[in-house]
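Enquirer: Can you keep this structure in mind? I'll have questions shortly.
The values are calculated or read from the model by the stated rules, or taken from the named source; none is laboratory data. The structure presented is a predicted model; accordingly, all values stated were derived computationally and were not measured. Glycine gets a Cβ as well: all are built from the backbone with ideal geometry, and neighbour counts include every protein chain shown.
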Amino acid sequence: MTDLLAPDPQLVAWMTAIRREIHQYPELAFQEFRTADLVAAKLAELGIPCRQGIAGTGLVATFGKTDDGPAVALRADMDALPIAEKTGLPFSSKHEGIMHACGHDGHVAMLLGAAALLKKQTTLPGRIVLLFQPAEEDDGGAEKMIAEGALDNVHAIFGGHIERHYNVGEISVQPGLICAFTDDFLITVRGRGGHAAKPHESPDPIVAACFLVTTMQTLVARETNPVHPAVVTVGKINGGTASNVIADCVVLEGTIRTTQPEAREKMFSSLRRMVAACQDLFGTETELQLTAGYPPVINDARAAEVAEAAARLTVGESGLKRQPYPSLGGEDFSFFLKQVPGCFVRFGAKRDDLPHANPHSATFDFDERVLPIGAEYLARCALLYLQKQ
């Protein structure tokens with residue numbers, strides 16, 4: 001078997017064009033029809049068969065040995081976000097109000113690049129499974145792909161995410177827990193409504209809701225073990241119709257991020273207590289809905305060893321970085337890791353000219369030089385894992 005080389009300029013240009021094509025036509029969760037058709041067409045160029053329609057818009061492609069030997073999966077997510085793009089890029093979104101603001105367009109290009117590199121190998125010591133996943137951002141497409149057999153007879157999985165906190169040429173590999181539980185809450189506060197000039201006649205849901213928003217911050221500050229990272233964020237408030245009307249209903253929506261099961265359960269029980277106390281304190285009616293989100297991402301130790309070796313071969317010892325603290329972000333790659341061992345990493349893609357263009361913002365972009373790095377890394381992960389079996 002010939003050694004795997006870094007992507008040549010022709011392959012880099014091919015990946016870059018794919019990334020920009022996907023960026024211009026972003027699609028939301030489970031609506032990635034055009035993206036899926038493009039991926040299928042590019043796989044066909046490489047001579048790799050695929051199955052479309054997995055979990056609605058996902059794809060699974062398989063090549064290499066067809067026996068019952070070792071099989072390794074590589075994954076990329078495909079969905080965009082409901083954000084109106086303000087980057088000014090020449091390949092900006094043509095879909096109003098939708099944008100690739102988290103790098104998933106780059107992930108797809110990387111995985112197709114990895115497929116091209118692996119396809120060049122004269123022999124493969126096992127089976128390669130490519131997972132192009134819908135709906136990472138919101139609806140948990142990974143779980144639905146698993147339910148439809150995407151991981152059947154797969155023994156390990158590798159993936160990664162573009163990360164602007166690291167420089168191009170750096171890959172962060174960390175065994176163990178790297179991402180948090182992502183749980184959502186919805187709180188409804190109801191009063192009777194009334195005239196703003198007569199507040200004594202109507203319990204005010206806006207005052208009660210504002211009290212909750214500020215008091216909730218003590219869930220982390222005073223009720224969570226300070227060595228356990230946690231976040232409570234209210235991201236949406238909806239209530240009121242006019243400046244001179246006391247609202248009859250206010251709705252708060254937010255997220256809870258924790259890394260420890262005990263901290264998570266404590267957060268839930270304390271929030272229930274606060275919501276109930278708000279009802280007694282202000283005379284309103286309150287209702288709390290908690291929705292379980294993604295489980296934490298926990299990298300397998302042996303898979304992380306493979307990832308470290310692949311990173312060293314790709315970016316050198318100096319490019320191998322650690323993630324000393326878990327991110328409070330979420331990632332539904334965690335569902336795959338609950339089924340098979342694997343490792344999820346971060347690909348450095350910092351752009352110094354965009355210091356404040358954060359992920360999930362209208363000005364987000366990344367350094368495209370990360371594309372060949374991610375492609376080579378993923379391909380090396382697959383080869384190294386199969387060679388070890």
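Enquirer: Can you pull out every residue in the stretch 33-52 that is touching a helix residue (DSSP H, G or I) at 6+ places or on another chain (Cβ under 8 Å), free of Cβ contacts under 8 Å to residues at least 60 places away in the same chain and either within 18 Å of Ala382 (Cβ to Cβ) or assigned to a strand (DSSP E or B) (or both)? Give the steps one after another, and end with the answer.
Expert: Residues of the stretch 33-52 that are touching a helix residue (DSSP H, G or I) at 6+ places or on another chain (Cβ under 8 Å), as a first pass: 35, 38-39, 42-43, 46-50, 52.
Within this subset, residues satisfying the condition of being free of Cβ contacts under 8 Å to residues at least 60 places away in the same chain are 38, 49, 52.
Within the stretch 33-52, Pro49, Gln52 meet the criteria.
Enquirer: Please work out which residue is farthest from Pro261 (Cα to Cα), limiting yourself to the stretch 274-314 and to residues that are in contact with a Ser or Thr (Cβ under 8 Å, 6 or more places away or on another chain) and in a helix (DSSP H, G or I).
Expert: Gln279
Enquirer: When the stretch 87-100 is examined, which residues are found to be within 10 Å of His23 (Cβ to Cβ) and crowded, with 20+ Cβ neighbours inside 10 Å?
Expert: Ser93, Met99, His100
Enquirer: Hey, any hits in the stretch 190-203 for a residue that's under 29 Å from the mean Cα position of the chain (by Cα) and not in a strand (DSSP E or B)?
Expert: Within the stretch 190-203, none of the residues are under 29 Å from the mean Cα position of the chain (by Cα) and not in a strand (DSSP E or B).
Enquirer: Test Leu124 against the stated conditions and say whether it is in the same structural domain as Glu45 (by TED's automatic domain parsing), crowded, with 16+ Cβ neighbours inside 10 Å and at pLDDT below 95.
Expert: In short, yes.
Enquirer: So Cys343 ticks every box in (1) closer than 22 Å to Gly176 by Cβ; (2) in a loop (DSSP other than H, G, I, E, B); (3) not aromatic (Phe, Trp, Tyr) but one. Which box is left unticked?
Expert: Unmet condition: (2).
Enquirer: Which residue pairs have Cβ atoms closer than 6 Å, lie 6 or more positions apart in sequence or on different chains, and pair a first residue in the stretch 84-109 that is under 19 Å from Ala40 (Cβ atoms) with a second residue that is of a type in the set (Ser, Thr, Tyr) and assigned to a loop (DSSP other than H, G, I, E, B)?
Expert: Nothing qualifies.
Enquirer: Go through the stretch 325-384 and report how many residues are of a type in the set (A, V, I, L, M) and within 25 Å of Lys86 (Cβ to Cβ).
Expert: Filtering the stretch 325-384 down to residues of a type in the set (A, V, I, L, M) leaves 328, 337, 340, 345, 349, 354, 357, 362, 370-371, 373, 375, 378-379, 382-384.
Pick out the ones that are also within 25 Å of Lys86 (Cβ to Cβ) and you get 349, 354, 357, 362, 370-371.
Total satisfying the criteria: 6.
Enquirer: Can Glu265 be described as part of a loop (DSSP other than H, G, I, E, B), under 33 Å from the mean Cα position of the chain (by Cα) and surrounded by fewer than 19 Cβ atoms within 10 Å (Cβ to Cβ)?
Expert: Answer is no for this residue.
Enquirer: In addition: Could you run through the stretch 133-164 and say how many residues are outside any loop (DSSP other than H, G, I, E, B) and either more than 21 Å from Leu378 (Cα to Cα) or among the polar types (S, T, N, Q) (or both)?
Expert: Of the stretch 133-164, the ones outside any loop (DSSP other than H, G, I, E, B) are 133, 141-147, 156-163.
Next cut, either more than 21 Å from Leu378 (Cα to Cα) or among the polar types (S, T, N, Q) (or both) only: 133, 143-144, 147.
Qualifying residue count, the stretch 133-164: 4.
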